[in-house]
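The values are calculated or read from the model by the stated rules, or taken from the named source; none is laboratory data. Quantities reported herein were computed from a predicted structural model and do not represent experimental measurements. All Cβ positions, even for glycine, are placed from backbone atoms using ideal geometry, and neighbour counts span all protein chains on display.
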Amino acid sequence: MKLGYLAAAIAAPLALAAAPASAAVMWSFSPGLASPGVGFTVINTFDTALGITGSNFQIKTPPSDKNGAPPANSIPSGTPYLSVLRGGSATVDFGVAVTAFQFDWGSIDSFNTLSIRSTGADPIIVPGANFTNPANGNQVSPGTNGLFSVWSTAGETFTGLTFASSSNSFEVDNLAIGGLAVPEPATWAMMILGFGGVGATLRQRRILRAAATTA
């Protein structure tokens with residue numbers, strides 16, 4: 001379901017980019033679309049700073065000012081959003097390993113940088129300058145305000161991300177996750193053994209209870 005939605009977004013006439021960040025990770029930017037997409041659940045609307053670590057960031061409410069502007073594509077409009085200021089960063093943990101996530105990215109500029117924590121050895125870096133159209137910080141254009149999606153193609157999982165900016169600002173809203181990671185075979189085996197052990201214990205208790213009743 002997720003991949004169908006992403007494929008549709010990439011195929012849209014205004015779709016800006018769909019490029020590999022690594023062998024197991026893909027990302028796309030869909031101008032004007034909003035989070036959450038089909039199969040995704042919002043985990044942070046950035047109404048408060050709760051759960052965010054870092055420095056020099058703000059939870060802002062419209063109207064726009066020198067410290068930020070809300071992503072023009074966010075629904076509903078007029079709600080609080082995260083703005084990372086010059087030299088700042090904001091880190092959000094998902095609390096669970098996932099195979100896909102997305103958020104509303106507004107006023108994309110070349111000084112915005114996204115670092116993704118994954119099961120790979122190194123963080124995945126997506127600079128704003130990667131986008132096909134000029135990342136010019138326009139506060140209303142669909143070309144720089146849209147749905148940014150990341151998903152795994154070969155078992156990669158994601159556990160969190162960091163928004164950073166070398167100038168004002170990096171504005172985001174409505175962080176959503178999708179595709180909870182499937183346990184590894186060894187984990188499945190341990191779970192099955194555990195379930196088997198619980199079942200055996202329950203059967204033994206029933207036998208002992210029956211014996212005590214008939215004694």
*Looking at region 56-63, is at least one residue at pLDDT 95 or above and on the phi > 0 side of the Ramachandran plot?*
yes
*In region 20-126, which strands (runs of 3 or more DSSP E) lie fully inside it and hold 2 or more residues that are farther than 25 Å from residue 166 by Cα and not aliphatic (A, V, I, L, M)?*
81-106
_Looking only at residues that are surrounded by fewer than 17 Cβ atoms within 10 Å (Cβ to Cβ) and polar (S, T, N, Q) in region 65-90, which one is farthest from residue 154 (Cα to Cα)?_
67
*Quick check, is residue 170 closer than 20 Å to residue 83 by Cα and among the hydrophobic types (A, V, I, L, M, F, W, C)?*
yes
*Just checking, how many residues over region 100-130 are under 16 Å from the mean Cα position of the chain (by Cα) and among the hydroxyl-bearing types (Ser, Thr, Tyr)?*
4
*Filter region 126-142 down to residues that are closer than 17 Å to residue 171 by Cα, surrounded by fewer than 19 Cβ atoms within 10 Å (Cβ to Cβ) and touching a strand residue (DSSP E or B) at 6+ places or on another chain (Cβ under 6 Å), then give me how many there are.*
2
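For (1) assigned to a strand (DSSP E or B); (2) over 17 Å from the mean Cα position of the chain (by Cα); (3) in contact (Cβ under 8 Å) with a residue 40 or more places away in the chain, each residue gets a yes or a no:
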| position | (1), (2), (3) |
| --- | --- |
| 132 | no, yes, yes |
| 138 | no, yes, no |
| 143 | no, yes, yes |
| 151 | yes, no, yes |
| 156 | no, no, yes |
| 159 | yes, no, yes |
| 163 | yes, no, yes |
| 168 | no, yes, yes |
| 172 | yes, no, yes |
